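The structure appears below as C-alpha cells.
Rule-based calculations on the coordinates, nothing more; no lab input. What you are looking at is a predicted structure, and each value in this text was computed from that prediction instead of being measured. Neighbour counts are summed over all protein chains in view; Cβ atoms, including those assigned to glycine, are modelled from backbone coordinates with ideal geometry.
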Amino acid sequence: SGDKSHVLFNIQLGDKLYYEQQLIEDMRIAIEKAQFELYFQPQLALSSQKIIGAEALIRWHRNGQWITPSEFIPLAESAGLIDSLGDWILHTACQKAQNLVSLGWSDLVMAVNISPLQFGRKDFLSKVKKVLKDTGLEAKNLELEVTEGVIIYNVQEAIETLAQLKKLGVHLAIDDFGTGYSSLSYLRKFNIDKLKIDQSFIRDIQHQAADQSIVRTIIELGRNLDLKVIAEGVEGLEQQQILTSMGCDEIQGFYFSHPLPEQKFIDFVRLHKAI
Ligand code: C2E
Ligand code: MG
Ligand code: MG
Ligand code: MG
C-alpha cells in the first residue's frame, strides 16, 4: 500500500541522513588529525611531449574504504568544513610542489581545486599569499582551478579576486569547462589562463561527431582568446591522437597516468625526466 512505501521511503532517507551525519563527524576528526592524502595526476603537453605539472586530488581512506571526493567535498561544503579542509589542501599541495621545485623542477605547475565557497571568502587572496610565503613556493608554480560556479555568489567580487590572483602571478584555470550555466561573456572579464575541457566531452569523442565539434570549438575559442586548453579524462591513444590533430595543448587522464600517491608521482616524474 501507499503507507508501506511511505515508511520505506522514510527508512531509506533516514539511513542516508544517518550515513551522511557519520561521514561529517568522521571528516571533522580526519581534518583535525590530517588523515587525508593528496594524489597527483600528471599533465602532458602534446607538442613537446613533456610533463608540465599535475593536478592535486584529495583522497580519504576511511575505515578501510576509499570515499570519493565527489561524495565528501559537497558534504564538507554544507557542513562548514570546507574552509579548514581547503586550507589543508592548499598548504599541502604547495608544500609538495615546493619539494619538487627544490629537486630541480623549476617550471612545475601544481594545479589545486578550489571550491566556490572557499574562493568566495573575503580572505581567500590573503590566504593564498600566506601559503606561498609559508611554503616558499613561487606563484608561477601554482595554478588554481575554479569552476564557473565561482561567479554565482558575486560576479564583481569574483572578477576582482581573479584579477588580484593574476597580479600575484598565480595561474588560473576554468575546470569542467562546457558544463556550467554561465554565459561565455565572463571569459572576457575573467583574467584566466586555461580552459579544462570537461571529461564528458572526451569520453566518447572517438565515436561522437557532436563531441568532436564541441571540443574543436573550445580549442579554437582558446586559441582566439589566447588561453591554453587542456582535455580531461583522456583514457586512450585514439582520443589523444584526435586531440593532437585538433591542436589541443595539453592532456590529463588515465592514458598518460592515473592520479598517483606522492612517491609514485616523483618516480613517474623522474622517468619522464622532469627532475
Ligand atoms: P575534477 O577537478 O574535474 O578532477 C578530475 C577527476 O577526474 C578526478 O576525480 C580524477 O581522478 C578523474 N580522472 C582523471 N583522469 C580520468 C580519466 O581518464 N577517466 C576518468 N573517468 N576519470 C578521470 P576525483 O579525484 O574523484 O575527483 C572528483 C572531483 O572532486 C574533482 O573533479 C573535483 O571537483 C573534486 N575534488 C577532488 N579533489 C579536490 C580537492 O582537493 N579540492 C576540491 N575543492 N575539490 C576536489
Ligand atoms: Mg579539477
Ligand atoms: Mg574537471
Ligand atoms: Mg569536476
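Worth pointing out:
- Averaging the sequence gap over all C-alpha pairs within less than 8 Å and six or more residues apart, then dividing by the number of residues, gives the chain a relative contact order of 19 percent.
- For the pair Tyr255 and His91 in one chain, pulling the backbone fully straight at 0.36 nm per residue adds 56.2 nm over the alpha carbon distance.
- Averaging 1/r over every pair of different alpha carbons in the range 201-275 and inverting the result gives a Kirkwood radius of 13.4 Å.
- Pairs from the table (Lys129/Lys273; Lys133/Lys194; Lys166/Lys196; Lys166/Lys273; Lys96/Lys130; Lys122/Lys196) lying more than 21 angstrom apart at Cα are Lys129/Lys273; Lys133/Lys194; Lys166/Lys273; Lys122/Lys196.
- Net charge of neighbours whose Cβ lies under 13 Å from the Cβ of Gly236, counting Lys and Arg as +1 and Asp and Glu as -1: -2
- Two-site FRET efficiency, Ala163 against Arg203, from Cβ-Cβ distance with R₀ of 41 Å, rounded to 0.05: 0.75
- Amide H contacts of Gly149 (H built 1.01 Å from N, in plane; Pro and chain starts excluded): no residue 5 or more places away or on another chain comes under 5 Å.
- Across the options Thr135, Ile114, Leu168, the greatest Cα extent toward the positive end of the charge dipole of the range 98-197 (unit charges at beta carbon of Lys, Arg, Asp, Glu) belongs to Leu168.
- Here the chain is assigned +1 on the Cβ of each Lys and Arg and -1 on the Cβ of each Asp and Glu. Its dipole about the Cα centre then comes out at about 720 debye.
- In plain terms, the residue of Trp105, Trp66, Trp88 with the fewest other Cβ atoms within 10 Å comes first and the most crowded comes last, giving Trp66, Trp88, Trp105.
- Amide H contacts under 5 Å for Gly53: Gln43, Val109, restricted to partners 5 or more places along the chain or on a different chain, H placed in the peptide plane at 1.01 Å from N.
- Placed amide H near Leu144: partners under 5 Å, 5+ positions off or other chain: Val112, His171, Leu172, Ala173
- Highest-first arrangement of 17-25, 244-252, where packing means the average Cβ count within 10 Å: 244-252, 17-25
- Net length gained if the chain between Ile24 and Arg188 were fully extended (0.36 nm per residue, minus Cα distance): 55.2 nm
- Distance (nanometres) between label positions extended 7 Å along Cα→Cβ at Thr68 and Leu237: 2.8 nm
- Value of [θ]222 nm, deg cm²/dmol, for the chain, DSSP H segments ≥ 4, -39500 (n - 2.57) each, nearest 500: -15500 deg cm²/dmol
- Near Gln35, once Lys and Arg are set to +1 and Asp and Glu to -1 for all other residues with Cβ below 14 Å from its Cβ, the sum equals 0.
- Per DSSP, loop trypsin sites (Lys or Arg not before Pro) in the range 121-215 with at most 12 further Cβ within 10 Å: Lys122
- Neighbour-count ranking [beta-carbon atoms within 10 angstrom, fewest first] of Ser78, Ser70: Ser70, Ser78
- Arranged from fewest to most other beta-carbon atoms within 10 Å of their beta carbon, Leu117, Leu221, Leu237 become Leu237, Leu221, Leu117.
- Cα pair distances of the range 42-134 binned at 5 Å [whole percent]: 3, 12, 19, 21, 17, 14, 10, 4, 0
- Listed residues Gly149, Gly169, Gly14, most fluctuating in the chain (Gaussian network, C-alpha, under 10 Å): Gly14
- The chain: equivalent-ellipsoid semi-axes (sqrt of 5 x gyration tensor eigenvalues, Cα, Å): 30, 24, 21
- Phi angles across the range 16-31 convert, under the Karplus curve 6.51 cos²θ - 1.76 cosθ + 1.60 with θ = phi - 60°, into 3J(HN,Hα) values of 5, 4, 4, 4, 5, 4, 4, 4, 5, 4, 5, 5, 4, 5, 5, 5 Hz, Gly and Pro given as x.
- Under the criterion of Cα pairs below 8 Å and six or more residues apart, the relative contact order for the range 92-207 equals 23 percent.
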